[in-house]
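The values are calculated or read from the model by the stated rules, or taken from the named source; none is laboratory data. This one's a predicted model, so the numbers in the text were calculated from it and none came from an experiment. Positions of Cβ are generated from backbone atoms using ideal geometry, with glycine treated the same way; all protein chains shown enter the neighbour counts.
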Amino acid sequence: MTWVLEPHSAQSRAVAHLWWWMLAVGGTIWLGVTIVMLVVIARRRTQARDGRVVYDTTASPRTERIVASATFGTVLILTGFLAFDFVVGRTLAAHPQRALKIALTAHQWWWEAEYVNPDPSRSFVTANEIHIPVGERVQLELRASDVIHSVWIPDLQGKRDLIPGYTSTLWIEADAPRVYQGRCAEFCGLQHANMSILVIAEPRDAFARWAAAQASAAATPPDAAAQRGKRAFENGPCATCHAIGGTSAYATVGPNLTHFASRRTVGAGVLPNTRGALEAWLISAPSLKPGVRMPTMTMYSGAQLRDIAAYLASLK
Amino acid sequence: MTSIVDDIAQGELALKRRLTAHWETPHNWLGWLSTVDHKALGRRYIYTAFVFFLLGGVEAAIMRVQLARPDNHLLTPETYNQLMTMHGVTMMFLFVQPVLSGFSFYLTPLMIGARELAFPRLNAFSYYVFLLAGVFMYASFFVGQAPDAGWFNYTPLASVKYDAGFNIDFYCLGLIYLGIATTVGAANSIVTILKLRAPGMSIDRMPLFMWSSLTISAAVIFSMPPLTAALGFLELERRWHFVFFDPTRGGNPMLWQHLFWVFGHPWVYIVFLPATGMLSMIIPTFCRRPMVGHAFMALATVATGLIGFGVWVHHMFATGLPQLSLSFFGAASMTVSIPSAVTIFGWVATMWYGRVVFATPMLFALAFIVQFVIGGISGVMTAAVPFDWQVTDTYFIVAHIHYVLAGGTLFGVMAGIYYWAPKMFGFLLDERLGKASFWLMFIGFNVAFFPMHITGLMGMPRRVYTYSQASGFASMNMLSTIGVYILAVGLLLTLVNLVRSRAAGVAAGDNPWGAGTLEWLTTSPPEHFNFAHIPIVKSREPLWDGGFTPGPAFDDARLTPRTSALDAMLERPVEMPIDSVWSVAMPVTLLLAFGALLVHSYAWSAIGIAASLFCMARWMWPSSATVLETEV
């Protein structure tokens, strides 16, 4: 479960702080208006309905002074909010000169994450799950391949749209090792509801190990079933959309599956990454995520699909 | 032997007979269809808007069932998206704006002491365009292709590449067509309010509801063109491969967002300010005193309308625009709440210095204030850019807009119904049923929408057709669903109330609430000619302080006086047009033009446009009688 008000980064903490202040001031104003109205109703209620009781037809100077000072008070409060807003805005925008850069591209309805490294052998592509080192501000370079999406990890940072034709930047950080739930926040079509992203914050060395593993080629199939699965994958429709590093499958239409088994979910958060869920997904992704681009795999036999599942499950 | 009193009464009766002869609509089906009576058309606007409101409400109720439980499979994502889009389109374009227009068209001549709107045939025309545009957009459900890209319809999602069916074409063509009605209706209001006020009703004596009508009508004139342009661009891109928004061919999807919100934010005030105008009529009546700071209230209304044009970017804070422009628009968005604050302080001060009568309209008005302050404060919160980044596109915003447009506008409309229904129908509404309806609606509304603030802060995005058990959103969503159904029951009680009170038929009398403005000078319901003698106005609440005298009758023809725009000095009586079938036929021919465009039948579309031009020519054709009598 996520919660804007349980922040896990300096950025979301600043925003939560701003919220509590605005709630306190705003709540007081609301209470004030409501109480005044209740008092008025209690004290000056009348049953008379005809036109007889017409009170002072002109407002006394005091009335206007009260309304004017209440308005002036409103202006002061708004100015205070605005100053607070600008200060928080600066906190959010602060970032280091050099930082880990992740190019995050949104697709209908999944996330492609490329870890950009000047050394190409250490660059890699993954999907629907990004790892970051704890306590470091990380740069997300945002793009969209089809329609407008928006990335949102409530515990860490506010959202930023990913707009086709534009590149924008969002800085995130996490101050505790944990799995943070994120999702698409801009309406993007049929499966807007199922477009999750996980942010896994871990200590520097654990992160480095993970990154090194991700940059390596895919594992070789450990058994006969996985070997058959690899062949079926490479020679069948799977390879028209997906890539697996170190094999002949290099298409980029769908998520890169090089280290698929290291991920926590299938279908951008639709199912947990278990063997059973994977097989169900391979048989008929559209029945689990209506509208998904991945078709029902009628061209494979049941045995072949089990082999492919065995192969994918071996891609640690 | 007849007394002088009897002579006067005889004279008055004869006068009313002459005026009725001039103003009455023929009692046959053609007269019913082609009437230009602003009262008949205003009521039709309100009825039709309520039918659309019920449809939009049913859509909401179905969505709430889908969202009541996690991982629910009642609706497919496609159906959900269509319902979600049509709920927004219906409420924004086919309910709140038309229902407020209906009140405005009904009440404007009565409030300003006139006998008609400035352009009666245009009023008939705009009503039928509104009706047919709504039918046109709802026809999309019958082919299973209702608009499905949200009421804001962002491209590229709405482009032909990602949405190839008729869905978005229904949206674009329907809204361009509807925009004609909205625009001419606004022009009609502006001219009526500026030129047809009773002699002596100088602009500072004008009721506050007229100030809000005038303000929003001006806002409509300036905000509809960007929407129409955007819709036209999108349709050109979808149909004929023009490039406006498609980034792969050099277009820019941000162009849509700017055009849409340059229209969309003023629109929020267009559908909100008239409700504040209604409250500014209702609150003085039920506080038994004039509004505190009348001039400031009027200025606040105008200021909101103006500043409303400078805040559209707050719908786009998360798009990655430069920080400087975000700061500017954040500050502007906070500024726009200042006039709203003035309005609220004015209402509360009026109550403070008055004596509150606890009738049903006043209850709805009080709830409006309580709820609108919540919506206003959450609005100010989202003007703070960093906080907006957290809550935009979440249920927090769903809560915010419903607190303003349902908790505000809808409750204002309910107050308006209970307040003016006796005038419109001539019978009193049952107070017990009215209060029961109010409490159910008040409780239901807050149970439904308050939890959404929390669901949003918990991280639930808007426009999702389902959510998982693990998300933790389930209990708040169940609460919202229950609230919506309580709200619906409360609303139905008002319908029951209308039916039962009509059967009971307790006569309302001219001025059941003891109000001070001119509409209560007429009979309930008003006669065809509204006022037998045009009142000469000397004060803001003429019925309270005797600030009017019965003026000339202008009974030689179908006449209403024209006055100067600011001081309302009598210029001359103008003759108003009679019923015409052409202003009813033209909406139909326009529908043919737009409907044919939808199905790519360009020849029929051209025929529709030619027929529309013919109708317009016949409609405008001067009759010989008119030519002679214009120089009275």
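Among residues that are surrounded by fewer than 22 Cβ atoms within 10 Å (Cβ to Cβ), modelled with pLDDT of 95 or more and within 29 Å of B:I482 (Cβ to Cβ), B:V391 is not included.
The condition of being in contact with a strand residue (DSSP E or B) (Cβ under 9 Å, 6 or more places away or on another chain), under 26 Å from B:A219 (Cβ atoms) and modelled with pLDDT of 95 or more does not hold for B:P120. Taken together, B:D388, B:D393 contain a single residue that is touching a residue at least 12 places away in the same chain (Cβ under 8 Å), within 10 Å of another protein chain (Cβ to nearest Cβ), of a type outside the set (G, A, S) and at positive phi, which is B:D393. Given the condition within 14 Å of chain A (Cβ to nearest Cβ) and either closer than 30 Å to B:R205 by Cα or of a type outside the set (D, E, K, R) (or both), answer yes or no: does some residue in the stretch B:488-501 qualify? There is no residue in the stretch B:488-501 that is within 14 Å of chain A (Cβ to nearest Cβ) and either closer than 30 Å to B:R205 by Cα or of a type outside the set (D, E, K, R) (or both). A single entry from A:Y115, A:Y180 fulfils the requirement of being among the hydroxyl-bearing types (S, T, Y), within 16 Å of the chain's Cα centre (by Cα) and at pLDDT 95 or above: A:Y180. Regarding B:S325, is this residue more than 20 Å from B:F272 (Cβ to Cβ) and either part of a helix (DSSP H, G or I) or within 8 Å of another protein chain (Cβ to nearest Cβ) (or both)? When the stated conditions are applied, B:S325 passes them. For first residues located in the stretch B:456-473 and over 15 Å from B:A68 (Cα atoms) and more than 7 Å from chain A (Cβ to nearest Cβ), partners that are surrounded by 23 or more Cβ atoms within 10 Å (Cβ to Cβ) and not acidic (D, E) and lie 6+ apart or on another chain with Cβ distances below 7 Å form the pairs B:G456/B:V391; B:G456/B:T394; B:G456/B:Y395; B:G456/B:F396; B:G456/B:A399. Comparison of B:A300, B:A349, B:A331, B:A318 shows that the only residue that is at negative phi and within 25 Å of the chain's Cα centre (by Cα) is B:A300. Counting only residues that are farther than 27 Å from B:R44 by Cα and either of a type outside the set (A, V, I, L, M) or assigned by TED's automatic domain parsing to the domain that holds B:M137 (or both), the stretch B:581-623 holds 7 of them.
Any idea which of B:A303, B:A332 is under 22 Å from B:I203 (Cβ atoms), out of contact with any strand residue (DSSP E or B) (no Cβ under 9 Å at 6 or more places or on another chain), among the small types (G, A, S) and more than 9 Å from chain A (Cβ to nearest Cβ)? Just one listed residue meets the conditions, B:A303.
The set of residues in the stretch B:12-29 being closer than 23 Å to B:E575 by Cα and of a type outside the set (A, V, I, L, M) consists of B:E12, B:K16, B:R17, B:R18, B:T20, B:H22, B:W23, B:E24, B:T25, B:P26, B:H27. Any residue that is in contact (Cβ under 8 Å) with a residue 12 or more places away in the chain, in contact with a helix residue (DSSP H, G or I) (Cβ under 8 Å, 6 or more places away or on another chain) and more than 30 Å from B:L429 (Cβ to Cβ) - is there at least one of those in the stretch B:542-556? Within the stretch B:542-556, one or more residues are in contact (Cβ under 8 Å) with a residue 12 or more places away in the chain, in contact with a helix residue (DSSP H, G or I) (Cβ under 8 Å, 6 or more places away or on another chain) and more than 30 Å from B:L429 (Cβ to Cβ). Here B:G472 passes the criteria (1) crowded, with 22+ Cβ neighbours inside 10 Å; (2) not assigned by TED's automatic domain parsing to the domain that holds B:A40 except the one numbered (1).
Among the residues here, B:P266 qualifies as in a helix (DSSP H, G or I), within 30 Å of B:T183 (Cα to Cα), of a type outside the set (A, V, I, L, M) and more than 7 Å from chain A (Cβ to nearest Cβ). Of all residues in the stretch B:348-359 being part of a helix (DSSP H, G or I) and either at pLDDT 95 or above or within 7 Å of chain A (Cβ to nearest Cβ) (or both), which is surrounded by the fewest Cβ atoms within 10 Å (Cβ to Cβ)? Residue satisfying both the conditions and the ranking: B:W352. Scanning the stretch A:168-181 for residues that are at the interface with chain B (Cβ under 9 Å from one of its Cβ atoms) and not aliphatic (A, V, I, L, M) yields a total of 3.
For A:A127, indicate whether it is under 22 Å from the mean Cα position of the chain (by Cα) and buried (at least 19 other Cβ atoms within 10 Å of the Cβ). For A:A127, the condition - under 22 Å from the mean Cα position of the chain (by Cα) and buried (at least 19 other Cβ atoms within 10 Å of the Cβ) - is met.
Consider the stretch B:1-51 and keep the residues that are part of a helix (DSSP H, G or I), out of contact with any His (no Cβ under 7 Å at 6 or more places or on another chain) and hydroxyl-bearing (S, T, Y). The one that is surrounded by the fewest Cβ atoms within 10 Å (Cβ to Cβ) is B:Y47.
Only one residue in B:L75, B:L94, B:L54 is in contact with a helix residue (DSSP H, G or I) (Cβ under 7 Å, 6 or more places away or on another chain) and surrounded by fewer than 22 Cβ atoms within 10 Å (Cβ to Cβ), so which one is that?
B:L75
The residues of the stretch B:102-115 that are touching an Asp or Glu at 6+ places or on another chain (Cβ under 8 Å) and under 15 Å from B:V191 (Cβ atoms) amount to a single one, B:P109. Is it the case that B:R502 is in contact (Cβ under 8 Å) with a residue 40 or more places away in the chain, under 20 Å from B:L75 (Cα atoms) and of a type in the set (D, E, K, R)? It is false that B:R502 is in contact (Cβ under 8 Å) with a residue 40 or more places away in the chain, under 20 Å from B:L75 (Cα atoms) and of a type in the set (D, E, K, R). From the list B:G426, B:G407, the lone residue that is in contact with a helix residue (DSSP H, G or I) (Cβ under 7 Å, 6 or more places away or on another chain) and in the same structural domain as B:F296 (by TED's automatic domain parsing) is B:G407. In the set (1) without any contact (Cβ under 8 Å) to a residue 24 or more places away in the chain; (2) surrounded by 20 or more Cβ atoms within 10 Å (Cβ to Cβ), B:F594 fails one condition alone, (1).
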